[in-house]
Amino acid sequence: MKEGDIDRLAFTIVHSSYAQGLLKALNQGGFQATVIEVKGGLLEEPMVTLLVGMNHRKLPSFLELVKAHCPARLRYVPVGAITTWPPSFPHVVEVSSGGVTVLVVPVEKFYQI
(Lines give C-alpha, C1' and ligand atoms only; values in the text may rest on other atoms or scores of the structure.)
Protein backbone atom coordinates (compact mmCIF):
# COMPACT_ATOMS: atom_id res chain seq x y z
CA MET A 1 0.00 0.00 0.00
CA LYS A 2 1.11 3.51 -0.66
CA GLU A 3 1.49 5.82 2.28
CA GLY A 4 -1.53 7.94 1.32
CA ASP A 5 -3.90 5.00 0.89
CA ILE A 6 -4.43 4.21 4.57
CA ASP A 7 -6.81 6.53 6.37
CA ARG A 8 -8.43 4.13 8.90
CA LEU A 9 -7.07 1.78 11.56
CA ALA A 10 -9.28 -1.03 12.84
CA PHE A 11 -8.57 -2.55 16.25
CA THR A 12 -10.23 -5.95 15.84
CA ILE A 13 -10.53 -7.98 19.07
CA VAL A 14 -11.44 -11.64 18.52
CA HIS A 15 -11.29 -14.92 20.42
CA SER A 16 -8.04 -16.72 19.62
CA SER A 17 -9.95 -19.67 18.15
CA TYR A 18 -11.17 -17.36 15.34
CA ALA A 19 -7.85 -15.62 14.67
CA GLN A 20 -6.24 -17.98 12.12
CA GLY A 21 -9.35 -18.27 9.96
CA LEU A 22 -9.94 -14.54 10.05
CA LEU A 23 -6.30 -13.75 9.23
CA LYS A 24 -6.39 -16.09 6.24
CA ALA A 25 -9.61 -14.50 4.96
CA LEU A 26 -8.26 -10.98 5.49
CA ASN A 27 -5.03 -11.79 3.63
CA GLN A 28 -7.01 -13.29 0.74
CA GLY A 29 -9.12 -10.12 0.73
CA GLY A 30 -6.05 -7.91 0.38
CA PHE A 31 -5.78 -6.80 4.01
CA GLN A 32 -2.64 -6.94 6.12
CA ALA A 33 -2.74 -7.23 9.90
CA THR A 34 -0.48 -6.95 12.91
CA VAL A 35 -1.33 -9.55 15.58
CA ILE A 36 -1.21 -8.86 19.33
CA GLU A 37 -2.11 -11.72 21.67
CA VAL A 38 -3.87 -10.69 24.89
CA LYS A 39 -5.65 -12.35 27.80
CA GLY A 40 -8.26 -10.83 29.99
CA GLY A 41 -11.84 -9.78 30.14
CA LEU A 42 -14.66 -11.19 32.17
CA LEU A 43 -14.04 -14.83 31.23
CA GLU A 44 -10.21 -14.63 31.20
CA GLU A 45 -10.08 -16.20 27.75
CA PRO A 46 -7.23 -15.91 25.24
CA MET A 47 -7.96 -13.11 22.80
CA VAL A 48 -6.18 -11.64 19.80
CA THR A 49 -6.16 -8.02 18.71
CA LEU A 50 -5.60 -7.47 15.00
CA LEU A 51 -4.46 -4.02 13.90
CA VAL A 52 -5.60 -3.51 10.31
CA GLY A 53 -4.87 -0.37 8.32
CA MET A 54 -7.04 0.36 5.27
CA ASN A 55 -8.64 2.97 3.09
CA HIS A 56 -12.14 3.96 4.21
CA ARG A 57 -13.57 2.59 0.93
CA LYS A 58 -12.48 -0.93 1.96
CA LEU A 59 -14.11 -0.73 5.41
CA PRO A 60 -17.45 -2.35 4.37
CA SER A 61 -15.72 -5.37 2.81
CA PHE A 62 -13.45 -5.65 5.87
CA LEU A 63 -16.45 -5.68 8.22
CA GLU A 64 -18.22 -8.32 6.11
CA LEU A 65 -15.18 -10.62 6.35
CA VAL A 66 -15.00 -10.11 10.11
CA LYS A 67 -18.72 -10.82 10.59
CA ALA A 68 -18.51 -13.97 8.47
CA HIS A 69 -15.58 -15.45 10.41
CA CYS A 70 -16.32 -14.44 14.03
CA PRO A 71 -19.81 -15.57 15.10
CA ALA A 72 -21.00 -15.22 18.69
CA ARG A 73 -21.81 -18.42 20.57
CA LEU A 74 -23.52 -19.29 23.84
CA ARG A 75 -21.55 -20.85 26.70
CA TYR A 76 -22.45 -22.02 30.18
CA VAL A 77 -20.19 -20.68 32.91
CA PRO A 78 -20.25 -21.72 36.59
CA VAL A 79 -20.80 -18.95 39.10
CA GLY A 80 -20.07 -18.77 42.78
CA ALA A 81 -18.03 -20.99 45.03
CA ILE A 82 -19.14 -24.36 46.33
CA THR A 83 -19.85 -23.71 50.00
CA THR A 84 -22.06 -26.62 50.94
CA TRP A 85 -21.21 -30.04 52.28
CA PRO A 86 -21.52 -32.40 50.58
CA PRO A 87 -20.56 -30.38 47.48
CA SER A 88 -23.36 -29.82 45.00
CA PHE A 89 -23.36 -28.88 41.37
CA PRO A 90 -22.42 -25.23 40.87
CA HIS A 91 -24.95 -22.79 39.50
CA VAL A 92 -24.31 -21.99 35.82
CA VAL A 93 -25.35 -19.02 33.72
CA GLU A 94 -25.59 -18.69 29.97
CA VAL A 95 -23.28 -16.05 28.48
CA SER A 96 -22.63 -14.92 24.94
CA SER A 97 -19.01 -15.53 24.01
CA GLY A 98 -16.94 -15.12 20.91
CA GLY A 99 -18.00 -12.63 18.33
CA VAL A 100 -15.84 -9.63 17.68
CA THR A 101 -15.27 -6.06 18.81
CA VAL A 102 -14.07 -3.63 16.15
CA LEU A 103 -12.92 -0.10 16.89
CA VAL A 104 -12.17 2.04 13.82
CA VAL A 105 -10.22 5.27 14.18
CA PRO A 106 -9.11 7.80 11.57
CA VAL A 107 -5.43 7.85 10.64
CA GLU A 108 -3.92 11.28 10.19
CA LYS A 109 -0.62 10.05 8.73
CA PHE A 110 0.69 6.63 7.74
CA TYR A 111 4.35 5.80 7.18
CA GLN A 112 5.80 2.44 6.18
CA ILE A 113 9.56 2.53 6.64
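The values are calculated or read from the model by the stated rules, or taken from the named source; none is laboratory data. Not measured: the values here are computed from a predicted model. Note that we place each Cβ from the backbone using ideal geometry, even for glycine, and neighbour counts take in every protein chain shown.
Looking only at segment 16-69, residues that are surrounded by 12 or more Cβ atoms within 10 Å (Cβ to Cβ), at pLDDT below 95 and among the charged types (D, E, K, R) come to 2 in all.
If you go through segment 70-113 and pick out every residue that is modelled with pLDDT of 75 or more and among the polar types (S, T, N, Q), you end up with 2. May I ask you to verify whether residue 54 is more than 14 Å from the chain's Cα centre (by Cα) and not hydroxyl-bearing (Ser, Thr, Tyr)? Yes. Number of residues in segment 6-65 that are under 28 Å from residue 109 (Cβ atoms) and in a strand (DSSP E or B) equals 19. Could you please find all residues in segment 5-15 being among the charged types (D, E, K, R), farther than 14 Å from residue 63 by Cβ and crowded, with 16+ Cβ neighbours inside 10 Å? Across segment 5-15, the qualifying residue is only 7. Among residues of segment 92-113 that are surrounded by fewer than 10 Cβ atoms within 10 Å (Cβ to Cβ), those with a beta-carbon under 9 Å from a residue that is modelled with pLDDT under 80 and not in a loop (DSSP other than H, G, I, E, B) at least six positions away or on a different chain give the pairs 94/74; 94/75; 94/76; 94/77; 96/73; 96/74; 96/75.
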